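These notes are about the structure you will find just below.
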Amino acid sequence: MNEVKDSATTITFARPQAFSDMVTHYCPGCTHGIIHRLVAETIDELNIRERTVGVAPVGCSVLIYNYFNVDFLESPHGRAPALATGLKRVSPELIVFTYQGDGDLASIGLSEIVHAANRGEKFTTIFVNNAIYGMTGGQMAPTTMPGQVTSTSPYGRNVEEAGWPMRICELLSTLRTPGYIERVAVHTPQNIVRTKKAIRTAFQNQIDRRCFSLIEVLSTCPTNWGLTPCEATNWVQTNMSPYYPLGVFKKPEPRIEV
Amino acid sequence: MTRILMKGNEAIAEAAIRAGGVHYFAYPITPQSEVGEYLAKRLPEVGGVFVQAESEVAVGNMLFGAASTGKRVFTSSSSPGVSLMQEAISYMAGAQLPVVIINIMRGGPGLGGILPAQSDYFQSTKGGGHGDYRLLVLAPASVQEAVDLTMLGFHLADKYRNPVLVIGDGMIGQMMEPVEFPDKYDEPALPAKDWAITGAKGRKPLITKSLFLDPYALEQNNIVIHAKYEQMKANEIRFELYKVSAKNRMLIVSYGTMARICQTVIDDLEREGVSIGLLRPISLWPFPEMQIRTEAAKPNIERVLTVEMSMGQMVEDVDKAVQGKKPVDFFGRTGGIVPAPEEVRERILKLLDGKMAK
Ligand SMILES: Cc1ncc(C[n+]2csc(CCOP(=O)(O)OP(=O)(O)O)c2C)c(N)n1
Ligand code: SF4
C-alpha cells in the first residue's frame, strides 16, 4: 500500500495485500481481472492470506498464481477440484480455492467438480463462465449460447448437435449433499457488489468448515466474442443472464443429526 | 520384529503405514482391492486420510494436490487404473513431487484380464505419460520384499522429490507369505521440505507447477530433473545375483515372481549338472545395465535368456545392455499365464543344445 502524505487525500482504493504487484495479461475489457480483485479483497478482509492456497486452472487464468500473494498450485486442465480435495484432506487448516473457466470446469473437469461437490469437500470454487474457450482462441464451450458463433461453431451453436448450454449451478444444486451454490455477474457495479458478497460467503463457509461452495460468475471475453468491452458487458445482460439466471441455488441446510 | 503370515496386498498397505504413508487416495480394481479395503479400516485408527475417488484420473490429481504439502501420500492400482493416472504422474514429475504408486499388474492390453502379468514394464520404465521424465521403479519378488520396497519407496520419493512406482504382478498381491515389519522404520535423514505448500506465512508465496512458458526456463527445469535421474543411476541401482559362477553356461535375467520361478529351474538344472546363473533386477529404472553387461561378457556365458510374463519388454533393455556380445533370447507367457518351471527348463535346454539359436 502506498502511503499518501498529503493530508487532503484519503485512500479509498488500494491494492489488496493478497495481490502481487504484477500487471495482468488479460485483454482490455476482460472481467477476469475484476473477479481476481474481488477474491483478493475477500482474502484480505477475512484475514486468511497466510493460510490460503489457490489452485489455478488451464485457461486464460492459468497465470493467476503470478497475481496473488498466496501459495498456488497449477493444475492439469479441469482437475483443480481433485487437487483441492487432496490438499484440503491432508491439510484441513488451509483455506483452499479453485479458480476455473467453463471449458476447464464444465467440460474436461465435469466429473471432478461434481464428485468434489457431492463428497462435500470443504473448499471454495470460483467458476468463471464466459461462454467460450478463451485461451485456445475462441472455440465452443459447453456453456456457449445457442446460435453463438465461435471458431468451432462457425454457423452458430446448433443445439440439435451440440446440445443446450450446460447450467452448472442448476446441475450441482440437485445433489443431496449440503453445499452453497450461487450465480452472479460482474457487468455492472451493482452486480460486482453482489459478487463480492457471494465470494465472501463462499470463503466464510470454508472458514466455518461448513460445506463446499461454488460461485459461478458470468464473465466477458470481448476478444473472442468479437465485441468492444462495452458491447461485451451488454451481451452478458441481454444474452447470458436470461439463460443463466442470477441468484442463490443452494444453501447449506441446518445440520441434520443422523 | 514379529513374523506374521500376510497376503501381499495387505502387507503392502501395512508397510506404507509403517513408513508414514498415511494419506491414501484410490479407486478399486482387481487384483489389488485388498490394499484399499485394509486401509479403509486401518487409516482411521492411525489418524490418516482415506479417500475413495471417482476415477483414477482424480486419484492421480488428488495425489498431486496432497503431495504438494510435503506429507507422505500414496495410491495402489492395477494396469488400466495406472494408465488413467499418467496425466498426473507427468505433472508430478515436472513439479518434482514425491509420491508412491503401487501397481499390481494384470494382463493387457485394454481391459485384458485380472490374472498376474508383467505387461507394464514399458509403461513403467519408459514414461507412460507425456514429456521427458523418469520414475524410480522397484519390482519385488516376494511379500517381504514388497514390504521392504514399499517403505524404501517413500524414502526415495522424498530423497529425490520424484514419483516412485512399486510394481508387482498379481501373484505378489494375492499370495500369503510370512513377513516381518521393522519395529521402527529407520531411514537416513532427508533434506528439509522447504518447497512444501503450507500457506505463505512469514515467507514468499510458493508455486507448485510444471508450466514454464519461457523455453529457457522449461529447458532449465528439465536439466534440473535430469540431474536427479543421473544421481539415481549412480545411487539407486538394485539387483540380486543367484548362483552366478564361472561354471554358468547361461545368464538368465528375470524380475518379480518370474525370477522366483527361474530360481526353481536353476536349482533343478544344477542337480542335472547344468549350471545357470540369474541376475534379478530389483530396480527396473534405473536399470542394472552395466551389471548385466559385465555378467554377460564373462567367457563362460554362452547366451543370455530373458524370461518375463509378457511378450517381451525388458528384453529390449537386456539386449541393449549386452551390446550384441552374446545372443540374447526371450521366453515369456502372457495373458495371465504364469510359465511353469518345466516350460522354462525345456527352453533353456533347447537353447543350450543350439537348436533354437536366434
Ligand atoms: C488435456 C488438455 N486438453 C486441452 C488443453 C488445451 N486448452 C487449454 S485452455 C483450454 C480451454 C480453456 O477454456 P476455459 O476453461 O473456458 O477458460 P478461459 O480461457 O475461457 O478463461 C483448452 C482446451 C489442455 N491444456 N490440456
Ligand atoms: S481471450 Fe477472452 S477470456 Fe482470455 S483474457 Fe482475453 S478477453 Fe479474457
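The values are calculated or read from the model by the stated rules, or taken from the named source; none is laboratory data. Quantities reported herein were computed from a predicted structural model and do not represent experimental measurements. Here Cβ is always computed from backbone atoms with ideal geometry, including for glycine, and neighbour counts include all displayed protein chains. When the accessible area is computed, the model is the full protein with side chains, heavy atoms only, and any ligands, DNA or RNA have been set aside. Shrake-Rupley method; radii C 1.70, N 1.55, O 1.52, S 1.80 Å.
Need one number: % antiparallel among DSSP beta bridges in the stretch B:240-352, to the nearest 5.
Values: 3 of 16 bridges.
Within the stretch B:240-352, antiparallel bridges account for around 20 percent of the total.
Would you please name the GluC sites (Glu not before Pro) within the stretch A:67-153 that are DSSP coil residues with at most 12 other C-beta atoms within 10 Å of their C-beta?
Working: sites: A:E74, A:E93, A:E112, A:E121; in loops: A:E93, A:E121.
Loop-located and lightly packed - A:E93.
Considering every Cα-Cα pair within the protein assembly as shown, what fraction, in whole percent, is farther apart than 42 Å?
Values: 62584 of 189420 pairs.
Above the 42 Å cut-off, the protein assembly as shown has 33 percent of its Cα pairs.
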Quiz item: Taking amide hydrogens as modeled 1.01 Å from N in the peptide plane, which residues meet the under 5 Å criterion relative to B:D169, leaving out close sequence neighbours?
Solution: B:M105, B:T257
Quiz item: Using a 1.4 Å probe on protein heavy atoms, which residues of the stretch A:68-82 have at least 10 Å² less accessible area in the complex than alone?
Solution: A:N69, A:V70, A:D71, A:F72, A:L73, A:E74, A:P76, A:R79, A:A82
Self-check item: Antiparallel DSSP beta bridges within the protein assembly as shown, percent to nearest 5
Solution: 25
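DSSP loop (so not H, G, I, E, B), at most 14 other Cβ within 10 Å: list which trypsin sites (Lys or Arg not before Pro) in the stretch A:208-258 pass both filters. Intermediate results must be reported in sequence, preceding the final value.
Details: sites: A:R209, A:R210, A:K250, A:R255; in loops: A:R209, A:R210, A:R255.
Answer in residue order: A:R209, A:R255.
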Quiz prompt | Positive-end extreme of charge dipole, the stretch B:108-198 - chosen from B:V164, B:F181, B:L115 (charges on Cβ) | solution = B:V164
Quiz item: In Å², rounded to the nearest 100, what is the total accessible surface buried by chains A and B against each other with a 1.4 Å probe?
Solution: 2500
Quiz item: What aspartates and glutamates sit close enough to B:K193 to cross-link, taking a C-alpha to C-alpha distance under 13 Å and skipping anything fewer than 8 places away on the same chain?
Solution: B:D158
Quiz item: Per residue, what accessible area does the stretch B:3-235 have, given a 1.4 Å probe and all protein chains present, in Å²?
Solution: 37
Quiz prompt | Values of log10 I(q)/I(0), in the order q = 0.24 Å⁻¹, for the stretch B:240-352 under a Debye, Cα-only, solvent-free model | solution = -1.55
Quiz prompt | Max mean-square fluctuation residue, GNM over chain B, Cα-Cα springs under 10 Å, options B:G36, B:G332, B:G47 | solution = B:G47
Practice problem: May I ask you to list the chymotrypsin sites (Phe, Trp or Tyr not before Pro) in the stretch B:1-106 that are in a DSSP loop and have at most 16 other Cβ atoms within 10 Å of their Cβ? | Solution: none
Quiz item: Just A:Q206, A:Q100, A:Q17 to compare: in a GNM of chain A, with alpha carbon springs under 10 Å, which one fluctuates most?
Solution: A:Q17
Quiz item: Got the relative contact order for chain A handy, in percent, Cα pairs under 8 Å and 6 or more residues apart?
Solution: 18
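Determine the relative contact order of the stretch B:6-93: mean sequence separation of Cα pairs under 8 Å and six or more apart, normalised by residue count, in whole percent. Before the final figure, lay out the partial values.
Numbers: 116 pairs, mean separation 30.6, N = 88.
So the answer I get is 35 percent.
Over chain B, with every protein chain in place, what whole percent of the accessible area is carbon and sulfur at 1.4 Å, could you tell me?
Numbers: 7740 of 14110 Å².
Here carbon and sulfur together make up 55 percent of the probe-accessible area.
Can you pick out the pairs among A:K197/A:K250; A:K197/A:K251; B:K126/B:K233; B:K159/B:K228; B:K247/B:K298; B:K159/B:K204 whose Cα atoms lie more than 20 Å from each other? Write down the numbers at each step before the final one.
Details: A:K197/A:K250 15 Å; A:K197/A:K251 14 Å; B:K126/B:K233 15 Å; B:K159/B:K228 10 Å; B:K247/B:K298 10 Å; B:K159/B:K204 24 Å.
Cα-Cα > 20 Å for B:K159/B:K204; rest within.
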Quiz item: How large is ³J(HN,Hα), in whole Hz, for each residue of the stretch B:8-14 in order, when computed from phi with the Karplus curve 6.51 cos²θ - 1.76 cosθ + 1.60 and θ = phi - 60°, using x for Gly and Pro?
Solution: x, 4, 6, 5, 4, 4, 5
Quiz item: About its Cα centre, how strong a charge dipole does chain B have in debye, to the nearest 20, once Lys and Arg get +1 and Asp and Glu get -1 at the Cβ?
Solution: 640
Quiz item: Comparing B:Q220, B:Q96, B:Q52, which has the greatest mean-square fluctuation in the GNM of chain B with Cα pairs linked when under 10 Å apart?
Solution: B:Q220
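Per residue, how many Å² of accessible area does the stretch A:32-250 show with a 1.4 Å probe? Please list the in-between numbers first.
Details: 7460 Å² over 219 residues.
Solvent-accessible surface per residue comes out at 34 Å².
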Quiz item: Restricting the count to DSSP beta bridges whose residues both fall in chain B, what percent are antiparallel, rounded to a multiple of 5?
Solution: 30
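Compute the relative contact order of the stretch B:3-235 as a whole-number percentage, counting only Cα pairs closer than 8 Å that sit 6 or more residues apart in sequence. List each step's numbers first, then the result.
Numbers: 444 pairs, mean separation 56.3, N = 233.
Relative contact order of the stretch B:3-235: 24 percent.
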Exercise. Return the whole-Å distance between the Cα centroid of the stretch B:14-67 and the Cα centroid of the stretch A:192-258.
Key: 34
